[in-house]
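The structure appears right after this line, and notes come after that.
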Amino acid sequence: MIKIEPSGQSCGATITGVNLAEPLAHETVEQLRAAWLEHHVVAFPDQPMTTQDLERFTQYFGPFGHDPFIQAIEGHPHVIAVQRAADETGPVFAGNVWHTDWSFQAKPPAGTCLFSITIPPCGGDTVFTNQHMALEQMPDELRKKLEGKFAVHSARHGYSKQGAYGDNEEAEKMSMTFHPSDEANAEQRHSIIKAHPETGRLGIFGCFGYIIGIEGLEDDHAVELLLELHAWQTRVEFQYRHQWQENMLVMWDNRSLLHAAEGGYDGYARLLHRTTIGER
């Protein structure tokens, strides 16, 4: 029997009583989807899965998303390895940088699946922040500044040739393989306040980083507002801190959350496999 245990924090739940290494019945998938939509991020501990199992599970929830700038693992074009070697000296991938995955796309992924293979004995938490809760508790003065406005999203700061994972010495120190491109300079607009396409609940979509501006505002004013928003939407009361175990699958809703990876495990290897879930 499936058991769903809420985290007691702003979001998050642990799900047991299901074997993800086996095909799932339609009724089971619908139960898991309902839990995902309710809790925004769900963790499945003790799930020794193959890459094929991860791919099958992902596709229960939608088509594969498109991952444009990171090298996929061999033989699995929709799976990337989020990894760091024990002796690696480059930056932690997405370390302490709040974001929602690939928000710079015209149709960003609905969700992300991350499966843990090698987990260090310390550090490496992933922190999530609930963007429905952040909006619902937002001061009226700040909300009025955001209503009706569109943010400009771009991957340029991360994946252009001049970006953090571009052609530079720090990126070359990393064990992950990136494909920086001028395509990362493209821009995409999304409403700052959006209704979740499945639940209808309003939330904040994205944050400063992939968001590089706000339509209709001068750059200085846009940055000032984005920093004010960032300080609010990442407050600790909106957060859920996830601590990893090996053989754990975590699935989160990019339409409801921001997330950030933490370091703190120098001298230890870390390896997880990731897929993204496209909108249905």
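Laid out as a table, the results:
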item: Residues of region 223-248 that turn out to be out of contact with any Asp or Glu (no Cβ under 9 Å at 6 or more places or on another chain), hydrophobic (A, V, I, L, M, F, W, C) and under 14 Å from residue 13 (Cβ atoms), as a count; result: 0
item: Those helices (runs of 4 or more DSSP H) lying entirely in region 103-161 with at least 1 residues basic (Lys, Arg) and out of contact with any Asp or Glu (no Cβ under 7 Å at 6 or more places or on another chain); result: 140-146, 156-159
item: Residues of region 38-67 classified as assigned to a strand (DSSP E or B), touching a helix residue (DSSP H, G or I) at 6+ places or on another chain (Cβ under 8 Å) and surrounded by 17 or more Cβ atoms within 10 Å (Cβ to Cβ), total; result: 1
item: Residue match in region 244-257 (condition: over 30 Å from residue 18 (Cα atoms) and more than 16 Å from the chain's Cα centre (by Cα)); result: no
item: Residue pairs meeting the criteria (Cβ under 6 Å; at least 6 apart or on separate chains; first within 22 Å of residue 129 (Cβ to Cβ), in region 253-280; second in a loop (DSSP other than H, G, I, E, B) and modelled with pLDDT under 95); result: 260/96; 261/94; 263/92
item: Unique residue being β-branched (Val, Ile, Thr), surrounded by fewer than 19 Cβ atoms within 10 Å (Cβ to Cβ) and without any contact (Cβ under 8 Å) to a residue 60 or more places away in the chain when the list is 70, 15, 4; result: 4
item: Among (1) buried (at least 17 other Cβ atoms within 10 Å of the Cβ); (2) free of Cβ contacts under 8 Å to residues at least 40 places away in the same chain - the single one residue 169 does not satisfy; result: (1)
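The values are calculated or read from the model by the stated rules, or taken from the named source; none is laboratory data. These numbers were taken from a predicted model, which means no experiment stands behind them. Please note: Cβ atoms are built from the backbone with ideal geometry, for glycine as well, and neighbour counts cover all protein chains shown.
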